[in-house]
Amino acid sequence: MPPADPYAVVLDSPDASFELHANRVLTFLRERLPFAIWMVTRAAGKDQIVLQAEGDAFGMSPGDRFRWSDTFCSRMVSREGPRVAVQSRDWPAYAETSFSRELGINAYMGVPVPVPDEDGQLFGTLCAFDPEPQPAEMAAELPVVELVAELLGAVMASERALDAERRRSERAERSSRTDALTGVGNRRLWDEVVAAEEARCARYGDPAGVLVLDLDGLKYCNDRQGHAAGDELIRQTGQLLTEAVRTHDFVARLGGDEFGVLAIRTDGDGLDQLRRRLVRTFAQAGIEASLGAAARRTDVPLEHAVLAADTAMYEAKRARLQSDPALRGRLMAGHPALDRAV
């Protein structure tokens, strides 16, 4: 049986992870307030992602993703509907959602999970649903739900601060696995960082994205100006990428003239903005390069996003070569495989 004291649910294991605390909170709440399902969710851009769930009603489970604007929680956060709706169909803001129409939800309780210093954005919600109306007395339990949500938020803020420090420490420890020419990460470090970030994304529901950049004229530069000039072009590329991304993003040289950028806690819109910024940066520097980008999703882990970004980069390169005969002429010399691809 879970403890009766809501403080004890979180505070008796101060070193436990957010995930463990969230699961204990959900167990506690479902025992105390028997909604069909209790969930901790993440508000990530245009989506609401289920992080943890207690109960299996409505077919909802961890990893499920819903359009944020059409959820009960979005209406609760915007104050279009109350935090407790013992008969949710009495509230138009809830009744008009597809959640209500398609799933048959008829009772709701939800509160934000506040995370201090979380970029000023809502982290997510602690919420519950039931197919049947609930007794009016259920509203008296709202302060308990708000309390455990605040405690969860404090745990999350502490864990994320520690996580950021760990990320910095990881990079410092891995400094030996950097590319000697550019000073950015090498392929081995890239693989390690991508794997570690995927684990964080899965745990917190964070968005992320990958960009892959390939220089279009390195061989031409080597042939015409020598390998010292080619090395300088590669060094300049690493410097431009490092200066263009945010401090907590990660840049690596994946091999030869190919670079990768791991955009941390960046949704699809932010990833596209970064891609456009890099295109402008390299155009202004007079460096010919092709870029591809792909966002992480629940069904597309970062490892797959890397492959998708690489494919998008080659598609962008093919399109540039087809539309720019002069560029194609410079690059095709000595590249029969590229010629066949185009």
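The values are calculated or read from the model by the stated rules, or taken from the named source; none is laboratory data. Just so you know, these numbers come straight off a predicted model, no measurement behind them. FYI the Cβ positions are ideal-geometry reconstructions off the backbone, even for glycines, and counts take in every protein chain you see. The accessibility values were calculated without ligands, DNA or RNA, using every heavy atom of the protein model including side chains. Shrake-Rupley method; radii C 1.70, N 1.55, O 1.52, S 1.80 Å.
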*25 °C / 0.890 mPa s Stokes-Einstein diffusion coefficient of segment 244-305, Kirkwood radius on C-alpha pairs, µm²/s*: 194 µm²/s
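How much length is gained if the chain between A140 and Q121 is pulled fully straight, taking 0.36 nm per residue apart and subtracting their Cα-Cα distance, in nm to one decimal?
4.0 nm is the gain from fully extending A140 to Q121.
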*Give me the accessible area of H304, 1.4 Å probe, in Å² rounded to the nearest 10.*
100 Å²
_Most to least packed among 224-234, 25-35, 44-54, 282-292 [average Cβ atoms within 10 Å]_ = 44-54, 25-35, 282-292, 224-234
_Just to be sure I understand the model, the point goes 7 Å from the Cα along the line to the Cβ. What's the resulting R203 to L162 distance in nm?_
0.9 nm
*Calculated FRET efficiency for the pair E150/D191, C-beta based, R₀ 56 Å, to 0.05*: 0.90
*Out of these labelled values of Cα extents along the principal axes in Å, [x] 66, 59, 33; [y] 81, 42, 28; [z] 105, 63, 43, which was calculated from the coordinates shown here?*
[y]
_Two-site FRET efficiency, S17 against Q225, from Cβ-Cβ distance with R₀ of 56 Å, rounded to 0.05_ = 0.55
_Can you tell me which of A140, A294, A244 moves the most in a GNM of the chain? Springs connect C-alpha atoms under 10 Å apart._
A140
*In whole angstrom, how far apart do the alpha carbon centroids of segment 186-240 and segment 18-32 sit?*
41 Å
*For A285 and E315, what does the FRET efficiency come to when R0 = 22 Å and r is the distance between their Cβ atoms, rounded to the nearest 0.05?*
0.45
*Calculate, for the chain, the solvent-accessible area per residue in square angstrom, rolling a 1.4 angstrom probe over the heavy atoms of the protein chains.*
47 Å²
*Mind checking which of E146, E102, E80 has the largest fluctuation in a GNM of the chain, springs on alpha carbons under 10 Å?*
E102
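How large, in percent, is the carbon and sulfur part of the accessible surface of the chain at a probe radius of 1.4 Å?
Values: 7890 of 16030 Å².
Result for the chain: 49 percent of the exposed heavy-atom area is carbon or sulfur.
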*Relative to the longest principal axis of the chain, what angle (0 to 90°, nearest 10) does the C-alpha long axis of helix 227-244 take?*
20 degrees
